[in-house]
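Before any comments, here is the structure.
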Amino acid sequence: MLNRLAEHLALVVVTLWVGGMWAVGYLVAPVLFDMLSDRVLAGRVAGRLFDFVGWFGLGSALYLMVFAALRAGWAVFRSGLFWLLVAILALIAAGQFGIQPLMAELKASAWPRDVMSTVMRGRFATWHGISSVLYLIQSLLGILLVFSLRRTLR
C-alpha cells in the first residue's frame, strides 16, 4: 500500500516537474515576451518562473533519487534512472547556483539601466545563451525521465 502510494507520488512529481519545465520554457516565456511591450518586465516574470521551476526540479529530483534508492537499494547505482536524475540535478544546480546568480549580478551592476543597454550586454547574452542550452538539455532529459520512470514502475 505505502509502496504503491510512493510510486503514484513519483509519477505525479515527474509529471508536474517535466510538464512545468516545458510549459514555462516553451509556452509561457515566449508568450510573455510576445505580449508585453516592456521586455524588462517580461524578463523579470520569466526569470521568476524559471527560478520556481528550478527549485521545484531540485526537490523533485531529490525525491525521485530517494524513491529509486529505497526501491532498488545498492542496485540503484546500476540504474539508468538514477544517473539520469543525477545528470538533470547537476544541470539544474549549475543554473540555480552558478549561472542565475551571475546573470543577477550583471543585471544589478547595470541598474538603473537595462543590462541589455550597457557594456555588459555581451556577457549577459552569452550567459543567457548557455542557460538556454542547459535548459533545453534538461527538457529533453526530462522526456527520457518520464519514459524511464514509466519503464521502472512496470
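Bear in mind these aren't lab numbers, they're just calculated from the coordinates by the rules spelled out. Since we're looking at a predicted model, the values are computed, not measured.
Where in the chain are the DSSP H helices whose C-alpha atoms run 20 Å or more along the long axis and whose mean Kyte hydropathy is at least 0.5?
2-23, 39-72, 80-94, 121-152
R39 to L153: extension gain in nm, 0.36 nm per residue of separation minus the Cα-Cα distance?
36.7 nm
Take the Cα gyration tensor of segment 1-129, multiply each eigenvalue by 5, square-root it, and list the three semi-axes largest first, rounded to whole angstrom.
Each semi-axis is the square root of five times an eigenvalue, giving 36, 17, 10 Å.
With the contact rule set at Cα under 8 Å and sequence spacing of 6 or more, what percent relative contact order holds for segment 2-152? Walk me through the intermediate numbers first.
Details: 96 pairs, mean separation 41.9, N = 151.
Over segment 2-152, the number comes to 28 percent.
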